[in-house]
Amino acid sequence: MALRNIVKEGDELLTKRCRPVEVFDQKLWDLLDDMAETMYKADGVGLAAPQVGILRRICVIDDGNGLIELINPEIIKTSGKQEGTEGCLSCPGKYGITVRPKKVTVNYFDRNGNAMTAKGTDLLAKAFCHEIDHLDGILFPTHVKEWLE
Ligand code: NI
């Protein structure tokens, strides 16, 4: 495993729409391992592949309840609303208040290519939205209604 450099806001890589993963191989597993290590080292709740310069639909999340690896994730259902603080490892020092769904259901593939479904509430729901936005080139400032000092 190895730490990867985190791409910062302003880099064009963060504005691109990422392509789906088609091959579930050792290269993907190495990337997932590196992404998790990089996320934990940076004390993040999530990390998306474009943040390490890879334009593929991959993200890792740990809301404190264990690592989730999401490949080709798609939000299939949302409900409710939550308002709270949001930040991003690509936007160091920037925090703002966003409104996100309270509950989010996601379809995705695991590292072996198995189709999975996950449901998230509160922080996990916010992380699903934030990380999947990254895969479409969207950063959280788009959703900020009020910036925090
Ligand atoms: Ni982010």
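The values are calculated or read from the model by the stated rules, or taken from the named source; none is laboratory data. None of the values given here were measured: they were computed from a predicted structure. Cβ placement follows ideal geometry from the backbone for every residue including glycine, while neighbour counts extend to all protein chains displayed. The area values use the complete protein model at the heavy-atom level, side chains included, leaving out ligands, DNA and RNA. Shrake-Rupley method; radii C 1.70, N 1.55, O 1.52, S 1.80 Å.
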query: Among all cysteines in the chain, which have no other cysteine Cβ under 4.7 Å from their own Cβ?
result: 18, 59, 129
message: Quick check on the chain: helices-only [θ] at 222 nm, where DSSP H runs of length 4 and up contribute -39,500 (n - 2.57) each and the sum goes over total residues. Nearest 500, please.
response: -6500 deg cm²/dmol
- request: Using only C-alpha atoms and all pairs of different ones, pull out the Kirkwood radius for the chain in Å with one decimal.
  value: 15.2 Å
Exposure rank, largest accessible area first [29, 147; 1.4 Å]: 147, 29
- request: Compare 61, 76 by solvent-accessible area with a 1.4 Å probe and give them largest first, with all protein chains kept in place.
  value: 76, 61
message: Taking a ≥ b ≥ c as the square roots of the Cα gyration tensor eigenvalues, with a/c under 1.5 meaning rounded and otherwise prolate when a/b beats b/c, else oblate, which class fits the range 32-93?
response: oblate
field: For the range 12-148, accessible area per residue (1.4 Å probe, heavy atoms of protein chains only), Å²
entry: 49 Å²
List 69, 83, ordered by accessible area with a 1.4 Å probe, largest first: 83, 69
query: Any idea what the dipole of the chain comes to, in debye rounded to 20, about its Cα centre with Lys/Arg Cβ at +1 and Asp/Glu Cβ at -1?
result: 440 debye
- request: Please work out the C-alpha center-to-center distance from the range 1-36 to the range 58-106 and express it in whole Å.
  value: 17 Å
- line: Applying the gyration tensor rule to the Cα atoms of the range 84-149 (axes a ≥ b ≥ c; rounded if a/c under 1.5, else prolate if a/b exceeds b/c, else oblate), the class is prolate
